[in-house]
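Read the structure below first, then the notes.
The values are calculated or read from the model by the stated rules, or taken from the named source; none is laboratory data. Note that this is a predicted model, so its numbers are computed, not measured. Here the Cβ positions follow ideal geometry from the backbone for every residue, glycine too, while neighbour counts run over all protein chains shown.
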Amino acid sequence: MDASALVRELERAARTFDRAGVALQCETLTADLWVQARPLELQDAKAVLDILRRKRYFALMIDVAEALIQTGQDAPRIRRLYAQALIDSDQTVAALAVLRVLRQDCEAQGDAAELAEALGLIGRAHKQIYVTARSAGSEGDVGRHLLAAIDSYAVPFDAAAGLNLWHGINTVALLCRAQRDNIEIDSPPIDIGTASKAILAHIKALTTPEIWDCATAAEACVAMSDYSQALEWLGRYTSSAAVDAFECASTLRQFEQVWQLDHSEPPQAALLHTLRAALLALEGGELRLEHALDEVSSAQGFLHDAGQLQQRDNTQFEKVFGGDRYKSFKWYVDGLNQARAVAVIEDAVGNGHGTGFLLPGSDVHPSISDEWVLVTNAHVLSDDPAEHAGSPSALPPDEVQVRLEASDTPDATYEIEAILFSSGRTELDCTIATLSEPVACEQSFRISKHLPLADGQQRVYVIGHPGGGKLSFSLHDNFLLDHEVPRLHYRAPTEGGSSGSPVFNSTWRLIGLHHAGGSKMGKLNGEAGVYEANEGISMTAIIEAVAAALG
Amino acid sequence: MPHVTFVHGICNQPEKTQLLRNWNQSLSEGGLDLAGAGVSTSMVYWADVMYPEPLAAGDSFEAVEGGLGTADVDEDLAWIDELQGNEKALVESMRRSLGVDSASPDGDDFKPEAPDENVSKLEFEAIPLPWFIKRRVMKAFLRDVHHYLFDATSSPRPGESFRVKEHIRDLFVSQLSIDSQNEGPHVVVSHSMGTVISYDCLKNVPACPAIDGYMTVGSPLGLSEVHDNYDPRYNAKDAFPSVGVSGDWINVYDRLDPVAFNARIADDYLKSGTEVVQDHRVTNGGAWRHSSLKYFAQESLCEHLANLLEL
């Protein structure tokens, strides 16, 4: 086996989001491992797992790590990466089993560095169990996981405070969480205020702090309720080219789930919006809105405050929004605003069935004026019996209710009044309908006259209700692959239930209606072969078809 | 598909692909993502007619504020000594207008006419661009504009020699011939010396394909020494390139841009005696107001370009 060649090919496949290629390389590797006389070199094994981790191929990472360990490459580093993949796949119990043995081995071998990492992961696993259980409303004895997490993080911090800052800040964060959750700790391992100050002072003294140091400093400031300084550190963190979507999402989770920052409190919301704006702009990022209306309103407020700050104190403004951060934040808020016109299409009892969006009728056809129309897929909503019999089956108009989760009236439901236009799932897969009562929609999409260049560099954004759940911006690997009227192919992987979602270009102009996805989508423009892709229908093609149908 | 043909300006440039990427990136920062909006782009690249090799990666003329990139624009003006007659007189006139020969470190001995009627003398003198840098840029500008207008010979590399005007006109017309095959709209966006080239071709070269929209940025087209030397002869009342440009002409300028002399040009390029060119003022930050990247990152410039492209 030529390990170097394999690593290079794996790197290429991962970089180009060639999932099938990544899976093939992993399959080849695991098969080869069993016929090799010796275990794979640690350096190569680590390189493979690092590539898979960076691109979040956790399932493949687990498979490869299993094979590596079974064939004799069971160095602490490999077992740690294995445990990390298990945690990231929500297999925390299995991860803890691996980590306990790893901890014992590191203690026995006196490997302080790996021991600190193992303890940190043990802490992370317990933290994740605690946070998940509390979010689910658990009344059971989950506090022991919080205590276990605090103990695991505190030990390495206590042993080498200057080196293990991330252990220290997690200890601080979880002690604060324990206070908020009224969990009593008999003898806290550290004093929150003292430790926070020490961590911040240490990072301030660094000539060139690493990106993680900036995130840690921001957390230390939050612990001291200094949200203004926290925002400056987060500004440095998010503007670093070294931050990828995975790291940014992890930091956002820490602020949302552990620190429980409140998006209704402007100073705290500012931190969340800064991270979300950065995440939305990063390749491979994913953003889901738990409280769509509140979050959209809060982001607008923050943008307004930022504008005021610029006029009042440009120095402070530059610290927080310098470089391109203000522009990227405006872009983020613009994107959030689009969500106001995105609808969840539910069945009669309120189960999510698909996504749709509102457009001014006159944008669709000149004869439709003074009212908003709903645009979705024919396989989501149709009055054609053939669509009801299809799989997935469309709902008839009288069994549908429509809600706008990010509008000012998120609980209001609308019924379908009439279907104005429909084109079946094998054609444009589009239904355009009027609603039973007027909608006060504040957001009107701008429709792009042209599709982005199919040069492999353009990104598209899908906003919908995956699985009928919360509003979500689909940002994974969201490159436009190709287009051929009326279809456009892109890699943004959308979950079931995203059917009927609007597809936007990089400046939030509507370019298409999402309708399908698959791992073996036939290529366009006469190219042979298949690829993993999603498919949308060009909005201009739909409008032309409506014009042809309605005259 | 809409298309934009760019034409770059004075001094040496990064290699063509990088320059095109830089310009698209700046427009994107201004809110106009051309590729995302389905607009293809190309570049009429003529720096290699004047310079032996492109600027190295990381070395940018646009970084002139920091003094970078000026070493290779400190032109030797000995070529002027060989000129004669009207050509010499004109170059000497332009040399005086540009303040190329001012000797004092701060340019105190150069008393220019205000480049725009709205700029106070105090404001103009407050340009923080170090004079030695500005003087070098002006020398490069003087050489480029002379060599183009008078079709001088340039030998940037051993064994290679170009008639500057003839060759650059060919480059421009060839690129437009390719680009005009798109469905359109087709817009030419030129900066600095590129505006002299694009205007000359659109106005004076019969074989040049027509375009739908025209944008000049940081243009010296208001300099009388420039328009007095067009061939055929310039006539302000009919100077608009009516055959070459079927739609609008937007001229974007910063009044403290040292190259965009007499920055407002609407009254210099009339269409059948009527003002039709739309002069649009922007304010670029910092000392180096002539920067193409600063111009393209201006939101209002991007809006005008989007309108020309009918996006």
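Miscellaneous remarks
- The single condition among (1) more than 14 Å from chain B (Cβ to nearest Cβ); (2) surrounded by fewer than 17 Cβ atoms within 10 Å (Cβ to Cβ); (3) within 16 Å of residue A:17 (Cβ to Cβ); (4) at pLDDT 85 or above that residue A:525 does not meet is (3).
- The one condition in (1) closer than 26 Å to residue A:337 by Cβ; (2) away from chain B (no Cβ under 14 Å); (3) surrounded by fewer than 24 Cβ atoms within 10 Å (Cβ to Cβ); (4) modelled with pLDDT of 90 or more that residue A:467 fails to fulfil: (4)
- Of all positions in the range B:295-307, none carries a residue that is farther than 26 Å from residue A:449 by Cα and within 17 Å of the chain's Cα centre (by Cα).
- Those helices (runs of 4 or more DSSP H) lying entirely in the range A:82-176 with at least 1 residues among the aromatic types (Phe, Trp, Tyr) and under 19 Å from residue A:188 (Cβ atoms): A:112-135, A:143-159
- Close pairs from the range A:388-411: first free of Cβ contacts under 8 Å to residues at least 40 places away in the same chain, partner assigned to a helix (DSSP H, G or I), Cβ under 6 Å, at least 6 apart: A:394/A:387; A:394/A:388
- Looking only at the range A:41-59, residues that are in a helix (DSSP H, G or I) and out of contact with any Asp or Glu (no Cβ under 9 Å at 6 or more places or on another chain) come to 10 in all.
- Flag if residue A:542 is crowded, with 22+ Cβ neighbours inside 10 Å and closer than 13 Å to residue A:483 by Cα: no
- Scanning the range B:24-46 for residues that are modelled with pLDDT of 95 or more, over 21 Å from residue A:446 (Cβ atoms) and not hydroxyl-bearing (Ser, Thr, Tyr) returns B:43, B:44, B:46.
- Applying the criterion of at least 3 residues that are more than 21 Å from the chain's Cα centre (by Cα) to the helices (runs of 4 or more DSSP H) found wholly in the range A:239-349 leaves A:292-312, A:314-321.
- Qualifying residue in the range B:176-184 (condition: at pLDDT 95 or above, in a loop (DSSP other than H, G, I, E, B) and touching an Asp or Glu at 6+ places or on another chain (Cβ under 6 Å)): no
- Scanning the range A:214-238 for residues that are of a type in the set (A, V, I, L, M, F, W, C), surrounded by fewer than 24 Cβ atoms within 10 Å (Cβ to Cβ) and under 22 Å from the mean Cα position of the chain (by Cα) yields A:214, A:231.
- Qualifying residue in the range A:350-357 (condition: out of contact with any strand residue (DSSP E or B) (no Cβ under 6 Å at 6 or more places or on another chain), surrounded by 14 or more Cβ atoms within 10 Å (Cβ to Cβ) and under 25 Å from residue A:447 (Cβ atoms)): no
A quick yes/no check of all residues on (1) within 21 Å of residue A:448 (Cβ to Cβ); (2) surrounded by 19 or more Cβ atoms within 10 Å (Cβ to Cβ); (3) within 14 Å of chain A (Cβ to nearest Cβ):
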{"site": "B:27", "(1), (2), (3)": "yes, yes, yes"}
{"site": "B:34", "(1), (2), (3)": "yes, yes, yes"}
{"site": "B:47", "(1), (2), (3)": "no, yes, no"}
{"site": "B:51", "(1), (2), (3)": "no, no, no"}
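- The residue of the range A:135-188 that is surrounded by the most Cβ atoms within 10 Å (Cβ to Cβ), among those that are over 27 Å from the mean Cα position of the chain (by Cα) and of a type in the set (S, T, N, Q), is A:152.
- Selected residue (only one of A:181, A:186, A:213, A:191 is among the charged types (D, E, K, R) and in the same structural domain as residue A:274 (by TED's automatic domain parsing)): A:213
- Given (1) within 14 Å of chain B (Cβ to nearest Cβ); (2) without any contact (Cβ under 8 Å) to a residue 12 or more places away in the chain, number of the condition residue A:452 does not satisfy: (2)
- In the range A:421-449, residue farthest from the other protein chains (Cβ to nearest Cβ) [restricted to those that are among the small types (Gly, Ala, Ser) and outside any strand (DSSP E or B)]: A:436
- Unique residue being surrounded by 14 or more Cβ atoms within 10 Å (Cβ to Cβ) and on the phi < 0 side of the Ramachandran plot when the list is A:84, A:70, A:109: A:84
- Sole residue being without any contact (Cβ under 8 Å) to a residue 40 or more places away in the chain and of a type outside the set (A, V, I, L, M, F, W, C), chosen from B:273, B:213, B:286: B:273
- Hits in the range B:259-295 (condition: out of contact with any strand residue (DSSP E or B) (no Cβ under 6 Å at 6 or more places or on another chain) and among the hydroxyl-bearing types (Ser, Thr, Tyr)): B:269, B:272, B:274, B:283, B:291
- Matching residues, the range A:399-423, being within 25 Å of residue A:505 (Cα to Cα) and small (Gly, Ala, Ser): A:406, A:407, A:422, A:423
- Restricting attention to the range A:202-219, the residues that are within 17 Å of residue A:173 (Cα to Cα) and charged (D, E, K, R) total 2.
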